[in-house]
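Below is one structure; the comments refer to it alone.
The values are calculated or read from the model by the stated rules, or taken from the named source; none is laboratory data. In this text the structure is predicted, and so the values were computed from the model without any measurement. For neighbour counting, all protein chains shown are included, and Cβ atoms are generated from backbone atoms with ideal geometry for every residue, glycine included. Calculation scope for accessible area: heavy atoms of the full protein, side chains included, ligands and nucleic acids excluded. Shrake-Rupley method; radii C 1.70, N 1.55, O 1.52, S 1.80 Å.
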Amino acid sequence: FLNWLQQEEDQQLLSQVLPRFTNLQKLVELFNQNQSNTDLSQALSQHLEFLLVNEAQLSSEERQALALQINDPMLMLNLVQQCKPQELRLALLAKLDCNEEDWLNIALSNNLAKVRQVAAEKITSEAALERLVKEAQGDKRVQRMARDKLNVYRAKQQAETATAQQRQQLVEQLQKLVSIGDETLYE
C-alpha cells in the first residue's frame with residue numbers, strides 16, 4: 001500500500017484512500033520522508049492536518065504523539081494556529097524552528113494568549129520587536145514583553161556604542177603619548 005501511495009498521482013484518489021489507512025505512524029513517516037511538493041505530500045499534509053485539528057478523530061494522547069513526529073514546518077505552523085488544546089500547540093511551538101516572520105505572525109494572530117507569549121519570546125530583531133509593540137494592541141502582556149526586550153536591545157546598543165567611543169578615545173590618547181616621546185609620561 002505504501003509503495004502504491006508513493007507512485008499514485010491522482011490527488012482525489014489519494015484523498016479518498018488515506019482515511020482508510022489505519023497505521024498513522026507509517027503515514028507520518030512517509031510524509032516526513034516525502035516532503036517535496038508532490039501530490040502525495042499535499043494529500044498527506046491535508047489528511048494529517050484534518051486528523052490533528054478535529055478532536056473527534058483521535059484522543060488527545062494520540063494526537064500529541066502523532067503531532068510531535070511531524071517534521072514539516074509549514075504543517076506545524078498550521079497546526080499551531082488551528083489545534084484546540086493549548087498543550088499540543090505549546091509542544092509544537094517547542095519543536096518548531098522557523099523564521100522570525102513566522103514567530104511574529106503567531107505572536108500577533110494566535111487566539112491563545114500563552115501561545116502568543118511563547119512566540120513573542122522567540123523574537124529578537126529590533127524591527128520585529130517594534131512591529132510587535134505597535135500591532136499587539138489587544139495583548140498587553142505580549143506588548144510589554146516586546147517593549148522590555150526592545151529596551152534591553154537598545155540599552156545594549158548604547159552600551160556598545162559607549163564602549164566603542166571609550167576605546168577610540170583611549171587609542172587616540174595612546175597615540176598622542178607615543179608621539180610626544182617623553183618617556184616619563186609612560187608611567
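Out of the residues in segment 2-28 that are part of a helix (DSSP H, G or I) and free of Cβ contacts under 8 Å to residues at least 12 places away in the same chain, which is least open to solvent (accessible area, probe 1.4 Å)? Explain how you work it out, then say what you get.
Here is the first cut: in segment 2-28, the residues part of a helix (DSSP H, G or I) are 2-7, 11-20, 24-28.
Among the residues that remain, those that are also free of Cβ contacts under 8 Å to residues at least 12 places away in the same chain are: 3-4, 7, 12-13, 16, 20.
Working: 3: 111, 4: 93, 7: 142, 12: 125, 13: 56, 16: 99, 20: 190 Å².
Checked segment 2-28; the qualifying residue least open to solvent (accessible area, probe 1.4 Å) is 13.
Kindly check whether there is at least one residue in segment 120-143 that is open to solvent by 30 Å² or more (accessible area, probe 1.4 Å), part of a helix (DSSP H, G or I), farther than 30 Å from residue 28 by Cβ and in contact with a Phe, Trp or Tyr (Cβ under 7 Å, 6 or more places away or on another chain).
For segment 120-143, residues open to solvent by 30 Å² or more (accessible area, probe 1.4 Å), part of a helix (DSSP H, G or I), farther than 30 Å from residue 28 by Cβ and in contact with a Phe, Trp or Tyr (Cβ under 7 Å, 6 or more places away or on another chain): present.
What residue, of 135, 172, 130, is over 30 Å from residue 107 (Cβ atoms) and either touching a Pro at 6+ places or on another chain (Cβ under 7 Å) or of a type in the set (Asp, Glu) (or both)? Steps first, answer last, please.
Working: 135 fails: over 30 Å from residue 107 (Cβ atoms); 130 fails: over 30 Å from residue 107 (Cβ atoms).
The unique qualifying residue is 172.
Give me the residue from segment 89-109 that is more than 9 Å from the chain's Cα centre (by Cα) and crowded, with 20+ Cβ neighbours inside 10 Å and, out of that set, nearest to residue 54 (Cα to Cα). Even if it seems obvious, please write down each step before you answer.
Applying the first criterion (more than 9 Å from the chain's Cα centre (by Cα)) to segment 89-109 yields 89-92, 105, 107-109.
After this cut, where a residue has to be crowded, with 20+ Cβ neighbours inside 10 Å as well, the list is 89, 92, 107.
Working: 89: 14, 92: 16, 107: 23 Å.
Once the filter is applied, the top-ranked residue is 89.
Within segment 141-187, which residues are under 30 Å from residue 131 (Cα atoms) and β-branched (Val, Ile, Thr)?
Within segment 141-187, 142, 152, 161, 163 meet the criteria.
Look at residue 57 and say whether it is polar (S, T, N, Q), surrounded by fewer than 18 Cβ atoms within 10 Å (Cβ to Cβ) and touching a helix residue (DSSP H, G or I) at 6+ places or on another chain (Cβ under 7 Å). If you could, list the steps in order and put the result at the bottom.
Details: polar (S, T, N, Q): yes; surrounded by fewer than 18 Cβ atoms within 10 Å (Cβ to Cβ): yes; touching a helix residue (DSSP H, G or I) at 6+ places or on another chain (Cβ under 7 Å): yes.
When the stated conditions are applied, residue 57 passes them.
So for segment 26-38 (the condition being under 27 Å from residue 109 (Cβ atoms) and in contact with a Phe, Trp or Tyr (Cβ under 8 Å, 6 or more places away or on another chain)), does at least one residue qualify?
First, pick out the residues of segment 26-38 that are under 27 Å from residue 109 (Cβ atoms): 28, 31-32, 35, 37.
Add one more test, that the residue is in contact with a Phe, Trp or Tyr (Cβ under 8 Å, 6 or more places away or on another chain), and what stays is none.
No, segment 26-38 contains no residue that is under 27 Å from residue 109 (Cβ atoms) and in contact with a Phe, Trp or Tyr (Cβ under 8 Å, 6 or more places away or on another chain).
Determine which member of the set 149, 84 is under 30 Å from residue 32 (Cα atoms) and surrounded by 12 or more Cβ atoms within 10 Å (Cβ to Cβ).
Values: 149 fails: under 30 Å from residue 32 (Cα atoms).
Going through 149, 84 in turn, the sole match is 84.
Have a look at 78, 71 and point out the one that is open to solvent by 70 Å² or more (accessible area, probe 1.4 Å), within 20 Å of the chain's Cα centre (by Cα) and under 27 Å from residue 56 (Cβ atoms). Give the steps one after another, and end with the answer.
Numbers: 78 fails: open to solvent by 70 Å² or more (accessible area, probe 1.4 Å).
One residue alone meets the criteria, 71.
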